[in-house]
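The values are calculated or read from the model by the stated rules, or taken from the named source; none is laboratory data. The structure presented is a predicted model; accordingly, all values stated were derived computationally and were not measured. For neighbour counting, all protein chains shown are included, and Cβ atoms are generated from backbone atoms with ideal geometry for every residue, glycine included.
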Amino acid sequence: EDQVTQSPEALRLQEGESSSLNCSYTVSGLRGLFWYRQDPGKGPEFLFTLYSAGEEKEKERLKATLTKKESFLHITAPKPEDSATYLCAVIYNFNKFYFGSGTKLNVKP
Amino acid sequence: DAGVIQSPRHEVTEMGQEVTLRCKPISGHNSLFWYRQTMMRGLELLIYFNNNVPIDDSGMPEDRFSAKMPNASFSTLKIQPSEPRDSAVYFCASRQGGSFPTDTQYFGPGTRLTVL
């Protein structure tokens, strides 16, 4: 069964405490994996696209990586403004598009 | 740029009533997507348009849901009749380029629908 699973569901960090969010997938014919950030009461905001295993993308304190089974979103020295829900999504099997359930990140000052 | 505009932002209606949600994509974008977000099912793609033409509506839950895009600057998602299980936040997104959702989709603020 095709699946996209994000873990943990929720993560609390102290400001400056680096960590990683996970998005594991069991789909056939992966065409791309995407990371979005969603703030409360707002629509998702695009962060990264990864297309092949070994690929990495960086933006400020965020770095996304991709393997054949999973993707990680590494957060280095997070700040309170990084608090949000982080969603991953995959395109697979030519035209199927599926979002994970998200990881809610809370960074305390 | 004003971004993707959705209206209304909040809608409360009673079961059986018709509901129409509206979306104005970013000017110049030729692909438009409708999503639904609930706690139970997360974010689901309902339908997407390219150059005003519906490309894939396989995510539309049932015949009570319909979507139109009469021109490049306006789309509607209609639910008739509405049911309590339709309660969710409905997002519209747009992008420039190919039809299928990939990177750089711009999401609107969403419409929170409550069906009593």
Test result for residue B:43, within 10 Å of the chain's Cα centre (by Cα) and within 14 Å of chain A (Cβ to nearest Cβ): no
If you take the residues in the range B:1-52 that are of a type in the set (Lys, Arg) and in a strand (DSSP E or B), which one is nearest to residue B:77 (Cα to Cα)? B:22
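A quick yes/no check of all residues on (1) more than 10 Å from the chain's Cα centre (by Cα); (2) of a type in the set (Phe, Trp, Tyr); (3) on the phi > 0 side of the Ramachandran plot:
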position	(1), (2), (3)
A:6	no, no, no
A:9	yes, no, no
A:25	yes, yes, no
A:73	no, no, no
A:77	yes, no, yes
A:82	yes, no, no
A:95	yes, no, no
Residue that is buried (at least 20 other Cβ atoms within 10 Å of the Cβ) and either under 22 Å from residue B:9 (Cβ atoms) or charged (D, E, K, R) (or both), where the choices are B:69, B:39: B:69
Among the residues of the range A:70-106, the number that are away from chain B (no Cβ under 14 Å) and farther than 15 Å from residue A:20 by Cβ is 5
Of everything in the range A:27-63 that's within 30 Å of residue B:111 (Cα to Cα) and more than 12 Å from every other protein chain (Cβ to nearest Cβ), which residue is nearest to the chain's Cα centre (by Cα)? A:62
Tally the residues that are in contact with a Ser or Thr (Cβ under 7 Å, 6 or more places away or on another chain) and buried (at least 24 other Cβ atoms within 10 Å of the Cβ), restricting the search to the range A:87-98. 1
If a residue must be part of a loop (DSSP other than H, G, I, E, B) and at pLDDT 95 or above, how many such residues does the range B:74-108 contain? 6
Working carefully through the options A:37, A:61, find the one that is over 23 Å from residue B:88 (Cβ atoms) and in contact with an Asp or Glu (Cβ under 8 Å, 6 or more places away or on another chain). A:61
Filter pass, residue A:42 being among the basic types (Lys, Arg), within 24 Å of residue B:43 (Cα to Cα) and assigned to a strand (DSSP E or B): no
Test: residue B:87 is surrounded by 14 or more Cβ atoms within 10 Å (Cβ to Cβ) and of a type in the set (Ser, Thr, Tyr): yes
Go through the range B:16-47 and give me each residue that's hydrophobic (A, V, I, L, M, F, W, C) and without any contact (Cβ under 8 Å) to a residue 12 or more places away in the chain. B:39, B:40
